[in-house]
């Protein structure tokens with residue numbers, strides 16, 4: 001019987017734990033005598049037939065390393081029929097039996113659609129935003145929260161020393177998981193997330209109420225995709241440019257909030273945009289374990305021919321779920337956490 005060959009790719013934004021997941025898939029399949037290829041630069045590697053062989057040597061010593069040894073891109077493999085045809089042609093010419101695609105919303109949605117067109121694919125959910133549906137957590141999230149929480153801790157001391165309002169802008173396009181978790185852990189006074197648009201007046205009322213109680217500083221955490229109520233209409237802040245999937249590039253809401261808060265309250269206000277700092281560097285131990293678990297489970301799913309699916313964390317157990325189910329909608333912060341944030345404000 002011919003030796004089976006599987007390719008692994010990482011798509012979308014980089015994320016702490018990607019190398020641990022690559023290692024997990026590779027080691028599981030090598031133990032069953034599979035050949036494993038790593039497609040370089042995400043879907044671009046498939047379209048251009050660029051790859052490296054993944055083996056025990058190439059996956060040694062990478063579990064603690066940030067980023068991805070396969071590199072990544074936001075290549076839209078569904079751009080047109082010619083691109084799709086190229087993907088299928090190269091899949092066949094490389095002699096692949098399947099692909100394990102590690103990525104977030106965009107990568108998994110593409111994987112689901114390619115599977116519908118006949119390509120054997122398994123997805124692994126990764127995103128620091130923690131917004132992939134059907135799974136309790138995605139790897140990368142814990143590291144991003146740790147980085148954001150440490151930043152908030154440090155900003156507390158400078159805010160209090162200077163009687164300032166410090167606005168911390170964190171990632172989160174559609175869901176405010178990072179802002180919620182780091183805001184709670186860091187003791188933020190106001191948290192603004194996409195799930196609950198807020199007005200400048202409401203935010204400033206909380207800050208002024210703190211002032212009346214003798215607190216002459218405040219910490220405001222805002223997700224990049226949060227919306228501000230202006231005349232009853234929710235408005236987001238984004239740049240004019242868009243990514244290859246047509247999504248606007250976010251950034252700027254932190255500065256907008258800081259400027260408006262200073263106008264209304266008179267407090268000197270400064271903004272810190274954490275940006276890609278949240279994505280980079282060494283993954284925390286829990287992300288290394290979670291990513292490895294996802295990788296090993298995806299390897300098992302390859303062995304069981306569970307194509308068109310992805311491993312999902314349900315409590316303490318990994319279970320296979322349909323990619324088509326996981327990509328219908330995003331997982332947003334539930335009402336219970338909104339209640340917790342409201343109780344802690346001020």
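The values are calculated or read from the model by the stated rules, or taken from the named source; none is laboratory data. Values in this document were obtained by computation on a predicted structure and should not be read as measured data. All Cβ positions, glycine included, derive from the backbone under ideal geometry; neighbour counts span all protein chains shown.
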Margin query: Looking at the structure I just gave you, is residue 9 in the same structural domain as residue 311 (by TED's automatic domain parsing) and within 20 Å of the chain's Cα centre (by Cα)?
Written below: yes
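Identify all residues within segment 1-29 that are out of contact with any helix residue (DSSP H, G or I) (no Cβ under 9 Å at 6 or more places or on another chain) and not in a loop (DSSP other than H, G, I, E, B); write none if there are none. Give the derivation first.
Kept after step one, since they are out of contact with any helix residue (DSSP H, G or I) (no Cβ under 9 Å at 6 or more places or on another chain), are these residues of segment 1-29: 1-3, 5.
Correct list: 5 only.
Please determine, by comparing only the residues of segment 139-173 that are closer than 24 Å to residue 294 by Cβ and out of contact with any helix residue (DSSP H, G or I) (no Cβ under 8 Å at 6 or more places or on another chain), which one is surrounded by the fewest Cβ atoms within 10 Å (Cβ to Cβ). Can you show your working first?
Applying the first criterion (closer than 24 Å to residue 294 by Cβ) to segment 139-173 yields 139-149, 170-173.
Pick out the ones that are also out of contact with any helix residue (DSSP H, G or I) (no Cβ under 8 Å at 6 or more places or on another chain) and you get 146, 173.
Numbers: 146: 19, 173: 22.
Result: 146.
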Margin query: Criterion first (buried (at least 19 other Cβ atoms within 10 Å of the Cβ), without any contact (Cβ under 8 Å) to a residue 40 or more places away in the chain and under 22 Å from residue 298 (Cα atoms)) does residue 36 satisfy it?
Written below: yes
Check: Does residue 52 fit the bill of being in contact with a strand residue (DSSP E or B) (Cβ under 6 Å, 6 or more places away or on another chain), surrounded by fewer than 18 Cβ atoms within 10 Å (Cβ to Cβ) and closer than 29 Å to residue 277 by Cα?
Finding: yes
Check: For segment 175-197, which residues satisfy the criterion of being part of a loop (DSSP other than H, G, I, E, B), touching a helix residue (DSSP H, G or I) at 6+ places or on another chain (Cβ under 8 Å) and within 15 Å of residue 236 (Cα to Cα)?
Finding: 193, 195, 196
Notebook entry, point to check: Regarding residue 147, is this residue in contact with a strand residue (DSSP E or B) (Cβ under 7 Å, 6 or more places away or on another chain), closer than 24 Å to residue 17 by Cα and at pLDDT 95 or above?
Noted result: no
Check: Would you pick out the residues in segment 265-301 that are surrounded by 20 or more Cβ atoms within 10 Å (Cβ to Cβ), out of contact with any strand residue (DSSP E or B) (no Cβ under 6 Å at 6 or more places or on another chain) and within 16 Å of residue 121 (Cβ to Cβ)?
Finding: 295, 299
Next item on the list: Just one of (1) surrounded by fewer than 16 Cβ atoms within 10 Å (Cβ to Cβ); (2) modelled with pLDDT of 95 or more; (3) outside any helix (DSSP H, G or I) trips up residue 249, so point out which.
Entry: (2)
